[in-house]
Each structure stands twice: as structure tokens, then as C-alpha cells.
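A short write-up of the structure that comes next.
None of the figures in this text is laboratory data; all of them are computed from the coordinates on show. Fair warning: this is a prediction, and the values are worked out from it, not measured in the lab. Using ideal geometry, Cβ is built from the backbone for each residue, glycine included, and neighbour counts are taken over all protein chains shown.
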């Protein structure tokens, strides 16, 4: 078990490899109520909560990005009100990134902020969504455009949740792990190159090390930049195009699958600008392909993707900004890309 400290507007631990119920129990001291927002597919797996000495309320929510809607947020507020939740009570999110995103936003906005705990049950949730205090929902204009910064008091990553995770979701989560490798930790890339996807999934040790390394990268970044100036923006490597692809595909692609395509696009864009070598562009494709992740998107989609890029949270005025790397671990912002350069980079990833 590894405890990784995050320091932002509050200090909290990300506990990797724990037994989530054991870590949660002490956090209930002095609390009257605990509300649990749980993904529908996991409802039957939270039965250990029934034995805890607390007034338990359960809100079951759909799996996936569809959960992050204004309608569901309104239902959550009504549920918290009906349950009589006060600032001394606790909200717990059990599920993937979509569950922790909307539950965290409900916690941020109920009574202007109550305590919450993230219990991520996917690789993506453990290394990305649950860490860092970003909470929110989607809108018809784009992903995560409505939200707040509101850190949990703990993130409890019990690896036993991953045993029932689909192969597709496991691979999708590793996209965020690979991202941390490209922007900061070359040891992550070495592990991914030396071990097959099957070997990683079958080894608790390898899975744990990759998750711990990715969390360390994110913890370091968000501890230095909680509200996202460029230091934190580096965590969005590949995300500018990824969020547009998610909207364009009506979220039929997993977030990590879209990020995989987005990272290859960002690498090609850096190549177009003369900032990244062909070898490192190729490394993006080889590592991500080895994880069974997509690295291309249909050419016909470009006309629809381009206007979506301007709605990215990193955009300023009419300027679309991208995170790029010039070498492993060396990031920079691209804010002077022409439409022609963007189109050329996209042409190189379209199929």
C-alpha cells in the first residue's frame, strides 16, 4: 500500500493498493450521515457499507459520461436536501471518472462545499479523474465545461475493483498513464515498452507501480498549481482534440481512447512545428498501439472537430492552445498554430 500526499486547497492522501472500506471507516468519525453515489454496475459491491455505524443514503447513477448531466446534478441536490445533509456529513463517490466528477461537483455546490471521498474503480479514475480536485458535468457545448475545483478529503484506490474491469476499460485507463510518461516520467514508458498489455494486467505489482507513478506525476503538478495555469495544463496533453472527439463521437469512445488519438495528434502537431522528432512521434504510436488503443480518426470528421476545439477550456479568446512536448518530460504550450498546421497534423492521423 502506498500513500501519496496531495497539497492544494487542502492536504489529502491518495492511497493506492488499500482496502477501501478499512480506509473509509475512520473518516466517518463525528459524522451523522454518509451519502454514497455509486455507478449502477457496482451497486451490489458496496454491501460492506451496511455494517458501518452511520445513517447511510445511496444514490445509484448510470455508468459512463451520460451520468454527467445537469438533470442528474439536480436529482443529486434534491437527494441531499431530502436526506438532510449538513456540512458535517460526508459524500462518497464509488465508480469511474464520470461518477467521481459529478459527485464531487455535487459536494462542491451543496451548502457551498461539503466533504467528499473518491473511491475510483477504474484505472482512469485512479490515475486521473479522482485526483486533483477537478469536478464537473458536461454540457451540449462540450465536455467538463461546467464545474468547480473542490478536492476530496481522500482518494481510496483499491486495486481489487480492477479485477472485473473490461479489457477495453483497462486499456483506456492506461492512456492516462502513458500521458504521464510522455510529460514527466520516462520510467513509465520503459515499463510499457518492456511489458505486454497481458503481462501488465495479470501483474498486480506492475499495475500498482504504473498507477503509483502516474499519481505521483499528477500529485506533484496539482500541488504546485491547483487552479490550472500552464503548470497544471500539462496534464491535458492530448486532451484538446480528445474532448472534441468525445463530443463528435457522442461519447461512444472511452475518454482514454480519445486521449490516445489526441496525443498522437499533439505529437504530429509538434512535428509540423519542427519541435518533435519523427522517432518520438513514432514512439507515441507504438506504445499506444501496444495497449490496444486507437491512434487515428476518420478524415471526414475534421470539419466538425475544428469548431469544437475552440470550446476547449485552455482556449483564450479566439486562440486555440495545445500542450506539446519537444522531448520526453519537456512540455510547452502551442498557441500560434495556424488552421493549415492543424489540418496537416490531423491529416497525418486520419484514416
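A compact table of results
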quantity: Listed peptides 109-116, 124-131 by packing density, highest first (mean Cβ within 10 Å); calculated: 124-131, 109-116
quantity: D_trans [Stokes-Einstein, Kirkwood Rh over alpha-carbon pairs] for the chain, 4 °C, 1.567 mPa s, µm² s⁻¹; calculated: 64
quantity: Degrees, to the nearest 10: 255-272 long Cα axis against longest axis of the chain; calculated: 30
quantity: In degrees, nearest ten, helix 239-248 long axis to first principal axis of the chain (Cα); calculated: 80
quantity: Extended-chain gain in nm, criterion 0.36 nm per residue less alpha-carbon gap, residue 340 and residue 286; calculated: 16.8 nm
quantity: Most to least packed among 54-65, 272-283 [average Cβ atoms within 10 Å]; calculated: 54-65, 272-283
quantity: Distance-filtered residues of region 179-198 - backbone nitrogen under 15 Å, label point 7 angstrom along residue 328 Cα→Cβ; calculated: 179-195
quantity: Label-point separation, residue 74 to residue 190 (7 Å along Cα→Cβ), nm; calculated: 5.4
quantity: Whole-number percent relative contact order across the chain, with pairs defined as alpha carbons under 8 Å at least 6 apart; calculated: 15
quantity: Computed lengthening from residue 164 to residue 11, 0.36 nm per intervening residue step minus Cα-Cα distance; calculated: 52.0 nm
quantity: With Cα atoms, 0 to 90° folded angle of helix 278-290 axis to the chain main axis; calculated: 40
quantity: Per-peptide average of other Cβ atoms within 10 Å, ordering 232-242, 40-50 highest first; calculated: 232-242, 40-50
